[in-house]
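Accompanying notes for the structure given below.
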Amino acid sequence: MVLVLVKALDILELLAHEPGRAHSLTEIAETLQMNQATCVNILKTLVDKSYLEHLGRKKGYRLGPMAYNLTNNLSYNQDLILAAKDIMEDLSRRLNETSILGIIRNQKRFIIHLVNSDQDLQVRSRTERNIYETATGRLLLAYMSIKERESLINSIGYPAPDVWSEATTPSHLEAELTRIKANNLAMTRSKTHIIGLAVPINRHDQVIASLSIFLPEIRFSSNRSAEIETELRSAARLISQRLSLLAQAK
């Protein structure tokens, strides 16, 4: 039996008993009678793989999105997914394009819900991706507080020229993010000719997620782009309204 794997499973099982509560490093190590240095290394790996979420040095750890994805459990961001699910299905049906509900977790763009189109040629996207590569990541970065953004950029650096050529310096990145926020829209065009458009989803006047459409550039005519943007903004407004109603009902 691989001991480090057993220890990792012990940590996941411990946190799964109270999935909504954050557990400190000291609490985890003492409960499982584990050396703290060993515990830190395992926790870091689980965070990197998104099975755990690190809320900060003083706040501790809780289950992350990949832990829920293993069983298709909607508990992670449950209200958000439930508010968006049928609206996204209708959006993808109307446009016949892939729609994505995305957030930022562990310094990456993370997909929490996806609805595929019926197109023969359609876009596939990894669950986790570099923030700068995606419309979702750029949009959510634009709406972060200055403190959050600075902390994130200090960790991941500035975009590489082949990822986001217009935003490779502090001033250029700030200008790009200001433009995105002013338009309430981020758009990417990849080297593989994939178009991504993302708009914000709000709860209590705070942007908490992004709704995106991804499609091959060959289907992105000027008329089509206007239609997609209109439908995308409308769907995001409906999801935001639902979230507000859910919050009021609690």
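The values are calculated or read from the model by the stated rules, or taken from the named source; none is laboratory data. Quick caveat, the model's predicted, so the values are computed rather than measured. Please note: Cβ atoms are built from the backbone with ideal geometry, for glycine as well, and neighbour counts cover all protein chains shown. What goes into the accessible areas is simple: the full protein's heavy atoms, side chains included, and nothing from ligands, DNA or RNA. Shrake-Rupley method; radii C 1.70, N 1.55, O 1.52, S 1.80 Å.
Rounded to 0.05, the FRET efficiency of the THR178 and SER24 pair, given R0 = 45 Å and the Cβ-Cβ distance, is 0.75. Computed about the Cα centre, the dipole magnitude for segment 1-71 is approximately 260 debye when only Lys and Arg (+1) and Asp and Glu (-1) carry charge, each at its Cβ. Look at [x] 14.2; [y] 13.1; [z] 15.4: the one that is mean projected area of the Cα convex hull in nm² derived from this structure is [z]. Of interest is the spacing of the C-alpha centroids, which for segment 180-250 and segment 1-51 amounts to 36 Å.
The helix-based estimate of mean residue ellipticity at 222 nm for the chain, built from -39,500 (n - 2.57) per DSSP H run of four or more residues and divided by its residue count, is -15000 deg cm²/dmol to the nearest 500. Take the chain, connect every pair of alpha-carbon atoms lying under 10 Å apart with a spring to form a Gaussian network, then pick out the residue of THR127, THR136, THR45 with the largest mean-square fluctuation. Between THR127, THR136, THR45, it is THR45 that shows the largest mean-square fluctuation.
Around the Cα centre of the chain, unit charges on the Cβ atoms of Lys, Arg, Asp and Glu (plus for the first two, minus for the last two) sum to a dipole of about 280 debye. Report in % the part of the accessible area of the chain that belongs to carbon and sulfur, leaving out ligands and nucleic acids; probe 1.4 Å. For the chain, the apolar C and S fraction of the accessible surface comes to 50 percent.
For segment 104-250, the number of Lys pairs with C-alpha atoms closer than 29 Å, counting only pairs eight or more positions apart or on separate chains, is 5. For a straight C-alpha distance cut-off of 16 angstrom, the lysines reachable from LYS59 (same-chain residues fewer than eight places away being disregarded) are LYS44.
Highest GNM mean-square fluctuation among ASN41, ASN202, ASN184, for the chain modelled with Cα contacts below 10 Å: ASN41. Heavy atoms of the protein chains alone define the surface here; on that basis the chain has 55 Å² accessible area per residue at 1.4 Å probe size.
Using C-alpha pairs below 8 Å separated by at least 6 residues, the relative contact order for the chain is 15 percent. In sequence order, segment 237-243 has phi-based couplings of 5, 4, 5, 4, 5, 5, 4 Hz under the Karplus curve 6.51 cos²θ - 1.76 cosθ + 1.60, θ = phi - 60°, and Gly or Pro positions carry x.
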